[in-house]
1. When you check residue A:399 against the structure, is it in contact (Cβ under 8 Å) with a residue 12 or more places away in the chain and surrounded by 18 or more Cβ atoms within 10 Å (Cβ to Cβ), yes or no?
2. Name every residue in the range A:375-394 that is closer than 19 Å to residue A:345 by Cβ and over 21 Å from the mean Cα position of the chain (by Cα), in order of residue number.
3. Could you tell me whether the range A:105-116 includes any residue that is within 14 Å of chain B (Cβ to nearest Cβ), within 28 Å of residue A:332 (Cα to Cα), in contact with a Ser or Thr (Cβ under 7 Å, 6 or more places away or on another chain) and of a type outside the set (S, T, N, Q)?
4. Which one of the conditions (1) within 14 Å of chain B (Cβ to nearest Cβ); (2) over 28 Å from residue A:107 (Cα atoms); (3) charged (D, E, K, R); (4) out of contact with any helix residue (DSSP H, G or I) (no Cβ under 9 Å at 6 or more places or on another chain) does residue A:12 fail to meet, given that it meets all the rest?
5. Cβ-Cβ under 6 Å, sequence separation 6+ or interchain: first residue in the range A:147-163 and on the phi > 0 side of the Ramachandran plot, partner not β-branched (Val, Ile, Thr). Which pairs?
6. Tell me which residues, restricted to the range B:96-152, are within 14 Å of another protein chain (Cβ to nearest Cβ) and either of a type in the set (Ser, Thr, Tyr) or in contact with a His (Cβ under 7 Å, 6 or more places away or on another chain) (or both).
7. Taking the range A:71-91 as the search range and keeping residues that are crowded, with 17+ Cβ neighbours inside 10 Å and in a loop (DSSP other than H, G, I, E, B), which one is farthest from the other protein chains (Cβ to nearest Cβ)?
8. Count, please, the residues in the range A:337-366 that happen to be polar (S, T, N, Q) and surrounded by 17 or more Cβ atoms within 10 Å (Cβ to Cβ).
Amino acid sequence: MTQNLALEIMPDSPTVTIPLSQHIGKQAKPIVQKGSVVKAGSVIAEPEGFVSIPIHSSVSGNVLKIHREPNVSGFPKDSVIIKSENNGEAEKYEPMDYNAVTPEEIIERVRLAGIVGQGGAAFPTFIKLSPPKDKNIEYVILNGCECEPYLTRDYRLMLEKSREVIIGFSLIMKAVGVKKGIIGIEDNKPEAITKLKEIAKDFPGIKIEVLETKYPQGAEKMLIKSCIGREVPPGKLPMDIGVIVLNIATAVAIHDAVVKGEPQLYAVLTVTGNGIVTPKNLMVKIGTPLQDVIDFCGGIKEDAVKVIVGGPMMGVAQFDFSAPVVKATSGIVILTKDEVNEHPETPCLRCGKCIEACPLNLIPTKLARYVQLEKFEEADKIEITTCMECGTCTFTCPANIPLVQWIRLGKQRVLNLKKNQNDKN
Amino acid sequence: MELTFWIALATMGGLGLIFAGALAIADKKLRVKENPLIGKVNELLPGANCGGCGSAGCYDFAVKLVEGKASVNGCPVNDTDSVKNIALLLGLDADDSVRLIPRILCRGGNNEAVQKMAEYFGPLSCSAMDIVSGGTKLCYYGCLGGGDCVKACPFDAMVMNDNNLPELIEELCTGCGLCAKACPRNIIEMHPKDRMIFVYCKNHDDPKTSKSICKAACLGCGACARKSEGGLAVINNLGVVNYDRINPDIIPFEKCSSGALTRLNVPDSRNPS
């Protein structure tokens, strides 16, 4: 729907709401007050603790207030609200030459620029780039498969910012100290494959791998299996088998941070679905309210029923359009009644479709049943915590059982139980 | 024909005799002598197997009682007479235990709490609703209305009312506390039955926000706390009762604009419960 639409830069909103927590880990601590004058790119919150990153203002203007505001995650978060005045130049770090820069400099710049993983989980990237010494990292894989159906922003980035993608990727490889890099791209994106192959010629070590188009090909564990044939064991991380996976948009952000000295001020996202008047691929300032983005795309059609931030499979349905775009926002999907399954739930048919569909070879129907009966230990035994919540089971279920919803609840309860046990021991 | 009949009778009858003999021997040889007290104590227990005592069921609790591994007052469900009788049987002293009763400290039902612009599809369970954007109400502290407490109650003492809030039927409640454990928002608290003053709200939002999202919310204004001499305090935008120091006679209950602070058993037009 949006694959042939070029990226547009959306103009600044009159006010932006910048949440202090846009990443996994501890919330950042604000260093501005009501009335402070800030510039685009200036730091408004300092990191607290190790798994935390600084937050930058995306516009120049005045701080209106610091308050708990609605968030795209569905839970309100402390946010800095800034009135855009468009006064003054954007603040930047010093640009660096990508050939001369050292690994330490790259990692420090990535941390200062506040870059988080763009795949959805929003893990601070600088931590990913500095794996523990005892892990022997062999490969870095760049995810050029679109994370979810409907979204096209990674495709547009690969086409329009091919050079930035490749340079960003070479910076990642340098930072981690790895010689082998693979960009995995689904075979429905031939133009991107040709273009990236062309540029990658000048960068030794970067290989383009063409993969089958399917969901969830862009999920970390799937991507590793498709690219190098290794499987991540349950309960382990990709780095345990010598791999680090990053997203296309993250590579571009790293390029911009190092080569141009720009902190992450924009989120690249796709506004799509049958419910939006003009679908677009956009670069939106962090903190822009969803309402402004929707208005910029011509507004919502009358028959739209659901607005999802993220992809249609794993995204979060929204109830308040004053919630802002955050660093890891990859798309806004507006669905009409035909695109949403609202059929009532019926009893399990024992058809086994969910078991066939599960990319991680779990047994969704059994897991969901165990959670319903609160048998969390049994659920843990058949690896409920391995589930990545891709939603394929619920999508395939002919009986409309909310499988992934039950499993999510079970995962949370199992992790809590384990945490309590650890605290006791 | 006749022969078949006799053969069948002989085989089946013979088999029956052999097994009966085996059973009779097993009964004598393998018998485990049970303390007769366990059976008697078990009969005095409620028999609901609710698990409120922490044991696997009533029989398990009876075994622990007889072995002296549990306290006579350990069962939160038992009435005072049964406790006394068990104590007599075991030759122990029963303490005068205080009956606990669950109090549902949220009044933000469908009529009071403002709903999100959203519909919920998925498992109808509070804890499942809680992880999806925190349920359908704008209040992130209040009752989710999924009825986990109703499902948890083995005595049918908890029901959902028309306002989609749980309601306690005190006559059926045994005080086992399973509802309080089931609530993911910790709205249900176990209190001694004679406690009468409660803040019926758990919302920590600032006054402006809490006023806008629920008619029954405690705003944290502090009107109740000002002259309470330490009986009430506002902590993090929420009124908290200090049961050691509270003196009902000096608390201005009528000053609570939302009616969150309530004294039970005192007629009040705003709080028909």
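The values are calculated or read from the model by the stated rules, or taken from the named source; none is laboratory data. Quantities reported herein were computed from a predicted structural model and do not represent experimental measurements. Cβ coordinates were reconstructed from backbone atoms using ideal geometry, including for glycine residues, and neighbour counts include every protein chain displayed.
1. In short, no.
2. Residues satisfying the conditions are A:393, A:394.
3. No, there is no match, as no residue in the range A:105-116 is within 14 Å of chain B (Cβ to nearest Cβ), within 28 Å of residue A:332 (Cα to Cα), in contact with a Ser or Thr (Cβ under 7 Å, 6 or more places away or on another chain) and of a type outside the set (S, T, N, Q).
4. The failed condition is (1).
5. So the pair list comes out as A:150/A:312.
6. Within the range B:96-152, B:120, B:125, B:127, B:133, B:136, B:140, B:141 qualify.
7. So, considering only residues that are crowded, with 17+ Cβ neighbours inside 10 Å and in a loop (DSSP other than H, G, I, E, B), the one farthest from the other protein chains (Cβ to nearest Cβ) is A:91.
8. 1
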